[in-house]
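Here is the structure we will look at.
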Amino acid sequence: MLAGGHMTESTSSVAGSNTRATFLFAVLLLFFFQLTGVWIENIYRMSLIKLEMGKELLGSLFLFAPLSLFLVREKHERGFLKLTLGVLLAARASVPLLGASALIIVAGLGMAAFLMVLSYALSDRYRHLQGDMGAALGLAVLASITLRNWGSSLDVSTDGTTGIAIGTLLVLFALYLVRGVMRVVPEPATTGGHLGRRALAMIGLFANFACVTLVLSSPAVVNAWAGGDSHGYSMVVICTAVTFAAALIGMMRPWSRGVLIGWNVLFMASLLGGILLLTPQLPVSPESSPTIVKGDAPPARFALYIALLFSPIVICNVRHAAQYSCGRRPRHGALPVTLGMAFLFGTTMLLIFTNVWGYVPYGELFRNKFYLPFLIFGVVMCAPYALGRTIAPQTLVTTAQVRVPAIVLVIAAIAGVFWSGSSKPLPKSDESRLTVMTYNMQQGSREDGDRHYRGQLALLRKVNADIIGLEECDTPRPSGGSVDAVRYFADGLGYFAYYGPNTISGTFGAALLSRYPIRNPYAFFTYSKPDEVGTAAAEIDVNGQTIAFFVNHPAGGDAVMNAHVDALIAEVTKYPRVFAVGDYNFTADEPFFAKLVTVLTPSAATLGEANVNFHGRPKPLARAIDHIFVSPAFRVIESHYLAPPESETDHPAHWSVLEIEH
């Protein structure tokens, strides 16, 4: 089989090995994006429950794991590769079984293991491992979209019992592919390029990985940028899946450098253009008028759709960057890969800082700068083209080799959209009454910091409220696992939904879910510091009667609270029938409460503390900050507070049953 250390396999055998390696790397890239997302998400979740950064940030030390390759002797490299692959697959298999604290360690280990495998694949000696990395990336993106579509943006392979089963099957498939690829004997080593050129190639490679991490692996986030419209969600996820499948099937050939750079420019121009069009002008002082934003923005949405059509450029970019050797041995790629991963991590944290700017040093620099990380990685994505490297044709897979998996994945992705959105609302127990609920979901976290979207959905189904206000629901960002919780709950309940203030605005989220049709949705922003204050508002058609519904989550000092309450009063007085719900962050003995009750009635206080159902865990109403205010047109029948941990979050779930007084 070998002569003089060189491979003498037939052309078909080499092609077959390259195809297997491409499929293997597609699975490993999928695992990398999943593990990196889980790792960053849980670092944030553990910081969230304390409202400060702590020892969980030590998880960032996994970034430096590739440097351990400098300790591996040449004769032990192959054995260390097997060990590293084992760690990666074991970590991925464990994800659905663990809580937040453990996931920081296990997902971090898995991510670190991938970085070391990547260092191998980018070396001359083990280049056979990567196959066609561009095609592998395209397949990984398609697989990620498919897995998320079946869970309404929640990756079904990383969560719950279903996640255990699917994750195990994926790991077994990877093991099967590993056996075939590892049989290939390493190629003879050559001399690697200058460290600076290697670092530039790797930072460019990881800039494209950042694009996948922040956007393409879960395109539902793009819909959340534009306001979370249900039809927009289907359009975005299907458009991205079909575009990547078409690119894999019809564009598997090298393009000129000029075409590729132009393609990158068009992609980033449309992406940044859409983001900037959706960036609200926030009030600058307590005296500023509220900024009102309508529920949809067609020009911005159109720009984002164009960006998604251009998004397969990442396939070409990664294919080009991966052609640049990091050196003879895996250790030569350790530092460039570490620098690349540091770039991805830094870009992701920068996006998070645009949301939590009030809690980090120099946070004002990041306020309302949602576009900034996208601008940075967009510029750097093209960096490998400056190296002038051409693609070796023998490393590419052909259209025929990826056609079947691409078609299967895109069909599965489309089927997932329709299946996940097929739920029907549970029947009402009494058509003459309305159950209204406010629920601060703490970005999908329980009190201990563990993610629990499924448990929260189960609670919402159990309460079976007709209209629900969600707070801290802006989760389609890395800190929330890139899950559109509003869409996830709406699909699970079979309800209409309005996302409220979009993700770009930097609020923590205020959305509404309704059994009944939603009309004329809009958001309004009031003066804020240190948290952006955005309120969701809409009209709900309840059996021919219009009810205005407002979801509130103000936070800050007296000036912030007064600005919000004054704006809310101005809005609610436009309607005869109103519900204004939310986590108000003020109690009944504060002046903001007193100001609001001049126009609306607090449902729980109307019944009196003795008549409120606390579900076995009474708490003085005077300490409550979650309220349901109603107009005089409604009569309060029941009011409930369900405390943690039964509420599946750190806030009590609060709901009231009401009748319309004629």
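The values are calculated or read from the model by the stated rules, or taken from the named source; none is laboratory data. On a predicted model such as this, the values are computed, not experimentally measured, just so you know. Cβ: placed from backbone, ideal geometry, glycine included. Neighbour counts: every protein chain shown. When the accessible area is computed, the model is the full protein with side chains, heavy atoms only, and any ligands, DNA or RNA have been set aside. Shrake-Rupley method; radii C 1.70, N 1.55, O 1.52, S 1.80 Å.
With a ≥ b ≥ c taken as the square roots of the eigenvalues of the C-alpha gyration tensor of region 539-662, please select rounded if a/c is under 1.5 and otherwise prolate if a/b is larger than b/c or oblate if it is not? The shape class here is oblate. Accessible-area rank, largest first, for Leu61, Leu596: Leu61, Leu596, with all protein chains present and a 1.4 angstrom probe.
In straight-distance terms, cross-link reach from Lys574 covers every one of the lysines whose alpha-carbon lies under 20 Å from its own, apart from those fewer than eight places away in the same chain; here that gives Lys294, Lys595. Its Cα centre serving as origin, region 476-621 has a Cβ charge dipole (Lys and Arg +1, Asp and Glu -1) of approximately 260 debye. Taking the charge dipole of the chain about its Cα centre, with +1 at Lys and Arg Cβ atoms and -1 at Asp and Glu Cβ atoms, the residue from Phe267, Leu122, Thr435 reaching farthest to the positive side is Leu122. Across the protein chains, with a 1.4 Å probe defining accessible surface, the residues Trp150, Trp419 rank Trp419, Trp150 from largest area downward. The C-alpha atoms of the chain define a longest principal axis, and helix 453-463 lies at about 30 degrees to it. Would you kindly find the accessible area of Ser68, with a 1.4 Å probe and non-protein molecules such as ligands, DNA and RNA excluded, rounding to the nearest 10 Å²? Estimated to the nearest 10 Å², Ser68 gives 40 Å². Across the options Gly134, Pro280, Phe634, the greatest Cα extent toward the positive end of the charge dipole of the chain (unit charges at beta carbon of Lys, Arg, Asp, Glu) belongs to Gly134. Once all protein chains are placed together, His452 keeps about 50 Å² accessible to a 1.4 angstrom probe. For the chain, the solvent-accessible area of protein heavy atoms averages 36 Å² per residue (probe radius 1.4 Å; ligands and nucleic acids excluded).
Computed with a 1.4 Å probe on the full set of protein chains, the accessible area for Met268 sits at about 20 Å². Once neighbouring chains are kept in place and the probe is 1.4 Å, which whole percent of the accessible area of region 42-138 is contributed by carbon and sulfur? The computed percentage sits at 69. With a cut-off of 15 Å between beta carbons, the residues surrounding Pro591 carry a summed charge of -3, where Lys and Arg count +1 and Asp and Glu -1. If you plug the beta carbon distance of Ser256 and Asp448 into 1/(1 + (r/R0)^6) with R0 = 51 Å, you get a FRET efficiency near 0.40. The candidates His194, His332, His615, arranged from most to least accessible area with a 1.4 Å probe in the full protein assembly, appear as His194, His615, His332.
Neighbours of Ala624 by Cβ distance under 12 Å: Lys/Arg scored +1, Asp/Glu scored -1, total -3.
Computed from Cα positions, the angle between helix 100-121 and the longest principal axis of the chain comes to roughly 30 degrees.
Summary value for the chain: 16 percent relative contact order, contacts being C-alpha pairs under 8 angstrom separated by 6+ residues. About its Cα centre, the dipole of the chain is roughly 2960 debye, where the only charges are +1 on Lys and Arg Cβ and -1 on Asp and Glu Cβ.
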